[in-house]
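Reading through the structure tokens given below for one structure.
The values are calculated or read from the model by the stated rules, or taken from the named source; none is laboratory data. Here the structure is a predicted model, which means the values were calculated and not measured. Reconstructed Cβ throughout: ideal geometry from the backbone, glycine too, with neighbour counts over all protein chains shown.
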Amino acid sequence: MSLLDKINKKKVPQHVAIIMDGNGRWAKSKGLDRAKGHREGAVSVRKVVEAAIEAKVKYLTLYAFSTENWLRPTEEIDTLMELMVYFIAKETDDLIKNGVRLQCIGDIQRLPEKTRNALYNCVEQTSLGTNLTLVLALSYSSRWELTNAAKTIAAEVKNGVLDENSITEETISKYLTTKDMPEPDLLIRTGGDTRISNFLLWQAAYSELYFTDIFWPDFDAESLYTAILDFQKRERRFGKISEQLEKEKQ
Ligand code: FPP
């Protein structure tokens, strides 16, 4: 029996976000080069997308390349950018078939033209998908995103589009790259580290965090379902007390 059958279909996290970590260590542990780790990581992406559709997750956000990843050796950056192009070319038809809509968040202008164009084409071709929205965070960091939002808000206050006294938390959310998405319910990090690494800092304010030692290339459907089952055991109080939540349920 798959763990999928144990998942309570009424309490599936609507949005799962994943920090995919451990490609390099996975490769090293097997005496392989880091590029092989990333290629196997792309295989895991496919498996987890399929698993998320099965579980009826509606948004899956994957941290595929952070702003800080630009500091890696050029050769590794090139490998990752090429891999993105290859993955998109290979997967676009299946994404369409499976009703997956691709979206990207991050400083996309900074990506090589080939990668950027492949992404934009795939976003366009998959725009009618309704089963799952797959969000790739590329050249993304929360501090980059929040800095940009602050600049835009300041400019709009200055030119009279926005009244500073009417700025609320919702206003801030609307100026983020995730403006049309629900906040992540469950945030997973693979690879054994227990930090957020500049990922969705605003959006994950109330996300349930799940850390696993599994390296990303070994993370599969059952690993995702294990995380969802763990999520389902938790009580999300959003600052309230249990008794209030009980009353609200009745
Ligand atoms: C972290 O492992 C992973 C990345 C920086 C890149 C993630 C990329 C992929 C999973 C492959 C392609 C993605 C898509 C969407 C097709 P790491 O290199 O930091 O591993 P380490 O911490 O063990 O060195």
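Among the polar types (S, T, N, Q), under 14 Å from SER223 (Cβ atoms) and at pLDDT 95 or above: is that true of SER2 in this structure? Explain how you work it out, then say what you get.
Values: among the polar types (S, T, N, Q): yes; under 14 Å from SER223 (Cβ atoms): yes; at pLDDT 95 or above: no.
For SER2, the condition - among the polar types (S, T, N, Q), under 14 Å from SER223 (Cβ atoms) and at pLDDT 95 or above - is not met.
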message: What are the pairs with Cβ atoms under 9 angstrom where one residue, in segment 210-235, is without any contact (Cβ under 8 Å) to a residue 24 or more places away in the chain and away from the ligand (no atom under 16 Å from the Cβ) and the other, located anywhere, is among the hydrophobic types (A, V, I, L, M, F, W, C) and not in a helix (DSSP H, G or I)? Sequence gap at least six, or different chains.
response: ASP230/LEU186
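Taking segment 166-189 as the search range and keeping residues that are more than 24 Å from ILE108 (Cβ to Cβ) and surrounded by 13 or more Cβ atoms within 10 Å (Cβ to Cβ), which one is nearest to the ligand (Cβ to nearest atom)? Let's see the steps before the verdict.
Going through segment 166-189, the residues more than 24 Å from ILE108 (Cβ to Cβ) turn out to be 166-170, 185-186.
Those still in the list that are surrounded by 13 or more Cβ atoms within 10 Å (Cβ to Cβ) too: 167, 185-186.
Working: ILE167: 34, ASP185: 21, LEU186: 18 Å.
Within segment 166-189, the match that is nearest to the ligand (Cβ to nearest atom) is LEU186.
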- request: Quickly run through segment 121-142 and pick out the residues that are surrounded by 19 or more Cβ atoms within 10 Å (Cβ to Cβ) and assigned to a helix (DSSP H, G or I).
  value: CYS122, SER142
task: From (1) under 16 Å from the mean Cα position of the chain (by Cα); (2) free of Cβ contacts under 8 Å to residues at least 40 places away in the same chain, pick out the condition that doesn't hold for ALA52.
output: (2)
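Matching residues to (1) in contact with a Phe, Trp or Tyr (Cβ under 6 Å, 6 or more places away or on another chain); (2) β-branched (Val, Ile, Thr); (3) farther than 21 Å from VAL16 by Cα:
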position: TYR120; (1), (2), (3): no, no, yes
position: GLN125; (1), (2), (3): no, no, yes
position: GLY129; (1), (2), (3): no, no, no
position: ALA149; (1), (2), (3): yes, no, yes
position: ALA154; (1), (2), (3): no, no, yes
position: VAL157; (1), (2), (3): no, yes, yes
query: So is ASP185 closer than 26 Å to GLY37 by Cβ and modelled with pLDDT of 95 or more or not?
result: no
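Residue by residue, here is whether (1) over 29 Å from PHE231 (Cβ atoms); (2) acidic (Asp, Glu) holds:
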site: ILE53; (1), (2): no, no
site: LYS56; (1), (2): no, no
site: SER66; (1), (2): no, no
site: ASN69; (1), (2): no, no
site: PRO73; (1), (2): yes, no
site: PHE87; (1), (2): no, no
site: GLU91; (1), (2): no, yes
site: GLY99; (1), (2): no, no
Selection from segment 104-135 of residues that are under 18 Å from VAL48 (Cα atoms) and in contact with a Ser or Thr (Cβ under 6 Å, 6 or more places away or on another chain): VAL135
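Is it the case that GLY239 is exposed (fewer than 14 other Cβ atoms within 10 Å of the Cβ) and touching a Ser or Thr at 6+ places or on another chain (Cβ under 9 Å)? Outline the logic, then answer.
Details: exposed (fewer than 14 other Cβ atoms within 10 Å of the Cβ): yes; touching a Ser or Thr at 6+ places or on another chain (Cβ under 9 Å): no.
Considered against the rule, which asks whether it is exposed (fewer than 14 other Cβ atoms within 10 Å of the Cβ) and touching a Ser or Thr at 6+ places or on another chain (Cβ under 9 Å), GLY239 comes out as no.
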